[in-house]
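Report on one structure; see the data block that follows.
The values are calculated or read from the model by the stated rules, or taken from the named source; none is laboratory data. Predicted model only: the values in this text are computed from it and were never measured. Cβ placement follows ideal geometry from the backbone for every residue including glycine, while neighbour counts extend to all protein chains displayed.
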Amino acid sequence: MFEVLSEKWPEILDFFKSEYDVSDVSFKTWILPLEIKSVEDGLVTLVFTGPSESQGLKYINKKYLSFLKVSICESLDEDLDLQIILPNGEMDNSIATTNESKAQLLDRIKDSNLSEKFTFDSFVVGSNNNAAQVTALAVAESPGETYNPLYIYGGVGLGKTHLLQAIGNFVLEQNPEATVLYTYSESFVNEVIDLFNIFNDLHMKHKQIVITSDKIPKDMEGISERLINRFEMGLTVDIQNPDYETRMAILLNKAKQESGIEIDNSALDYIANNFISNVRELEGSYNKLVAYAKMKPGTVIDLDFAKDILKDMIDPDNKKNITCESIIEIVAEHFDLSTKDLISDKRSADIAWPRQICMYLCRYFTDDKLETIAKALNKTHGNVIYGIDKVKKEIETDPNTRATVEVLKKKVDPE
Ligand code: ADP
Ligand code: MG
């Protein structure tokens, strides 16, 4: 293989230069100084003899490594890995591309108590988790420097642990020197006895701390007041129930990775409509369909199949019937208004505001189109868009609104 590669090397470089439109100067500076060192166990090693040593190595790794790899694999028609080292054998350890370091990375992921499955790549972003995902990524990119601690809260099965682990995986992948620990607060408290001092110590040393919980900090049980205060010092973000689009996106994302099985969108739509407040259950029902379909080769997963297989999980009698009408009633009662007021033409603030909250909740809990919501409230499509937007903004900026909406959500869907 070494000989073949050496022989084809000029041709490979020509291909690389034209295919990726590399300028003459860059080509001369960074690519020509590469020499083939070895080809062993599917790993091509090149030596970089060009300028500024480690920095230069870092640069070509970042800019050209994957393109070079593709060029080599294409021209040899082999699936090879590629690494570039300095003449003294030094590697750029800010990247992990070789077989060996991938295995090492997996080891470090395991040592950290993490699972490599939960990454930012596999996390579907929707309006329900956007804020949490963005902050989690910011924390992963510069741990200890932005939001510390980061506190993510939200209901069961909504992706908190997924994001938490994604941060850990990202950090481990970017930095081979990093230490990451994923642990349960109970076992952590038991192991180290005093989480408060540990917390302060880590925090003072700018070590990133990320906490997830199904409660806001002050409602956490078994945690001392002073520690809760510390939790509140950082940034608290929440994850909400996914809306219909996000639920479908999560399912489509899974279906995309499936091979050899035909899945009709009607089946996904059925699941998305029946599991609205827990991604774990959404995934669980999807997995069940796939498992059953695999038992009978040739099965197409369509609406009838889904209804049949999931009949035990979806009990029509138990299905909560949340409609715009029921939401309007609950909101009216909460604000001590009549439903008539809410759907009237009155525009005073004491009525307009609860009405806008209705719009928001209808959008949140039902899959009704904006037109349908507008009709239920006797308003225009534009009014509804404006209203939902306003409530969203208020929730972000005003803790009172946020609390009110939380209470109303519980009233609409007590679970
Ligand atoms: P939580 O910790 O909030 O109870 P998890 O993080 O364990 O929930 O999520 C439950 C399951 O749903 C996991 O398998 C996770 O990968 C999946 N999941 C949740 N949210 C998403 C998302 N936005 N995209 C992809 N998968 C998700
Ligand atoms: Mg969890």
- request: State all residues of the stretch 368-404 that are touching a helix residue (DSSP H, G or I) at 6+ places or on another chain (Cβ under 9 Å) and of a type in the set (Gly, Ala, Ser); if no residue qualifies, say none.
  value: ALA374, ALA376, GLY382, GLY387
- prompt: Do you know which residues across the stretch 309-368 are in a loop (DSSP other than H, G, I, E, B) and among the acidic types (Asp, Glu)?
  reply: ASP312, ASP315, ASP317, ASP336, ASP345, ASP367, ASP368
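One line per residue, one yes/no per condition, for (1) at pLDDT below 90; (2) within 24 Å of the chain's Cα centre (by Cα); (3) away from ligand 1 (no atom under 16 Å from the Cβ):
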{"position": "TYR184", "(1), (2), (3)": "yes, yes, no"}
{"position": "LYS205", "(1), (2), (3)": "no, no, yes"}
{"position": "ILE211", "(1), (2), (3)": "no, yes, no"}
{"position": "LYS218", "(1), (2), (3)": "yes, no, yes"}
{"position": "GLY222", "(1), (2), (3)": "yes, no, yes"}
- prompt: Give me the pairs: first residue in the stretch 31-46 and over 15 Å from ASN61 (Cβ atoms), second residue surrounded by 15 or more Cβ atoms within 10 Å (Cβ to Cβ) and among the aromatic types (Phe, Trp, Tyr), beta-carbon distance under 9 Å, and six or more apart or on different chains, which are they?
  reply: GLU35/PHE48; ILE36/TRP9
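Identify, please: which residue in the stretch 136-148 is buried (at least 21 other Cβ atoms within 10 Å of the Cβ) and within 24 Å of ILE228 (Cβ to Cβ) and is, among those, nearest to ligand 1 (Cβ to nearest atom)?
Start the filter on the stretch 136-148 by keeping residues that are buried (at least 21 other Cβ atoms within 10 Å of the Cβ), which leaves 136, 139-140, 143.
With within 24 Å of ILE228 (Cβ to Cβ) added as a condition, the list becomes 136, 139, 143.
Working: ALA136: 11, VAL139: 16, PRO143: 20 Å.
It comes out as ALA136.
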task: Looking only at the stretch 2-25, count how many residues are loosely packed, with under 12 Cβ neighbours inside 10 Å and either in contact with an Asp or Glu (Cβ under 8 Å, 6 or more places away or on another chain) or outside any loop (DSSP other than H, G, I, E, B) (or both).
output: 7
- prompt: In the stretch 120-136, what count of residues is obtained for those that are β-branched (Val, Ile, Thr) and part of a loop (DSSP other than H, G, I, E, B)?
  reply: 2
